Each structure stands twice: as C-alpha cells, then as structure tokens.
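The block underneath contains the structure these notes are about, expressed in structure tokens.
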Amino acid sequence: MKHPSNREFFAYWDQKRGDAHAPDRSEIEPGAVRELLGDIFVLSYDSAVGYPFRVAGTRVCALLGCDQKDRSFSALFVPDCRREIEEIVGVVAEEMLAAVAGLTATAQDGSLAHLELLLLPFNSRAHTPLSLTGLLAPFESEASLLRDFRLTSWRYLGHPPQRLVPRALRKLAIARGFMVYEGLR
C-alpha cells in the first residue's frame, strides 16, 4: 500500500479482526477512524446491481459528483475494466481476502488522476447480507470530479499464518481390520 490513509485503515481493520479472517461490521467504530471517514465507503455484495454503495464518505461523493448511496460501484469503471473489478469484489467478499488496487480516472479537464483503492471484507453473519468496506484515496490533493476509472494494478493481501494446535491421536479398534483414529486436542 502506498497511500498513508489506506495503510492506517488497513492497520485498524487488521487489529479489529485479530485471528479471524475479517472483523464483524459492528466492530468497526467510526470514531476510531474519524480522519478517514470522508474516504471510506461500504458496498453491498449484490452483483445483479453492480455492488451498490450502502454508505460513502463525503470526499468519495465529492470526487464522484453526487451522493453515491444505492449507486453501482462497478459502473464507475470503464466497460473493459468492469469484469476485473467485479471479480476483485467477489474475491474480497467470498474468500475474505483484502485487496489493494492502483487506479486512474479522468478529471474534468481531461487529465489523469491517480488513486489507490483498498477493499476489506466484513465477517459474514447468518441472515444478514454480505457487505464489504473500502477506502478510495487520491494521490493528488487537488483532485476534482472524476470519471472513467481504470485498474492499473491490484493484489490480494493474504491471511496471516494461522497457529496450528498439535493434535493427539487415539487409535480405536472397532472391528477386526477396521481402525478409527480419533483426533484429540
């Protein structure tokens, strides 16, 4: 990650998840990331409508020209990048992997703006729709209204190594020629 806002949000998210793959959505406290809220958003995991924004920070809305609630996230991207961004969103939500991506977008004056996108999963709960969070951070401080987003690079951030608990085995003779090995903790 190159952008300091993304590093800070990832560190907070990582601390909240502990040994789990992802934290529960209720564990993320807005007050703890107050300075970043303008760049943070939450997406609904609904591919049929392009992963709509559930919540978008004020800076995200300013970069995109209007309130983004219920608007398609994948529609921000040019058609030849939509499939890739939708696959990335799918991996983040379903496989519980964080992703970071480099983006370019076209500003009102036709110049290219460079941004970094961070996508982070929430722990899935029964009877609740899947959602994920993220942060969209422009590298230029004077970023204006942006359109036609393109992916320039991306990578997934793997899970931390999990501690394996050694197991003891108990061998049980059930019937002649049939053995059962029971694992004990």
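The values are calculated or read from the model by the stated rules, or taken from the named source; none is laboratory data. The model shown is predicted, which means the values in this text are computed figures rather than measured ones. With ideal geometry, Cβ positions are generated from the backbone for all residues, glycine too; neighbour counts draw on all protein chains shown. Areas reflect the complete protein model, heavy atoms only, side chains present, ligands, DNA and RNA absent. Shrake-Rupley method; radii C 1.70, N 1.55, O 1.52, S 1.80 Å.
The set of residues in segment 131-151 being crowded, with 16+ Cβ neighbours inside 10 Å and assigned to a loop (DSSP other than H, G, I, E, B) consists of ALA143 alone.
Scan segment 67-81 for residues that are at negative phi and either among the aliphatic types (A, V, I, L, M) or loosely packed, with under 15 Cβ neighbours inside 10 Å (or both) and the total you get is 7. If you go through segment 35-61 and keep only what is of a type in the set (A, V, I, L, M), open to solvent by 20 Å² or more (accessible area, probe 1.4 Å), part of a helix (DSSP H, G or I) and within 23 Å of PRO4 (Cβ to Cβ), you end up with just LEU37.
Residue by residue, here is whether (1) closer than 14 Å to LEU119 by Cα; (2) in contact (Cβ under 8 Å) with a residue 12 or more places away in the chain holds:
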{"position": "PHE10", "(1), (2)": "yes, yes"}
{"position": "GLN15", "(1), (2)": "no, no"}
{"position": "GLY18", "(1), (2)": "no, no"}
{"position": "PRO30", "(1), (2)": "no, no"}
{"position": "LEU37", "(1), (2)": "no, yes"}
{"position": "TYR45", "(1), (2)": "yes, yes"}
{"position": "GLN68", "(1), (2)": "no, yes"}
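Quickly run through segment 11-34 and pick out the residues that are within 18 Å of ARG125 (Cβ to Cβ), open to solvent by less than 30 Å² (accessible area, probe 1.4 Å) and either assigned to a loop (DSSP other than H, G, I, E, B) or at pLDDT 95 or above (or both). Scanning segment 11-34 gives TRP13, ALA22, PRO23, ASP24. All of (1) open to solvent by less than 10 Å² (accessible area, probe 1.4 Å); (2) modelled with pLDDT of 95 or more hold for GLU84 with one exception: (1).
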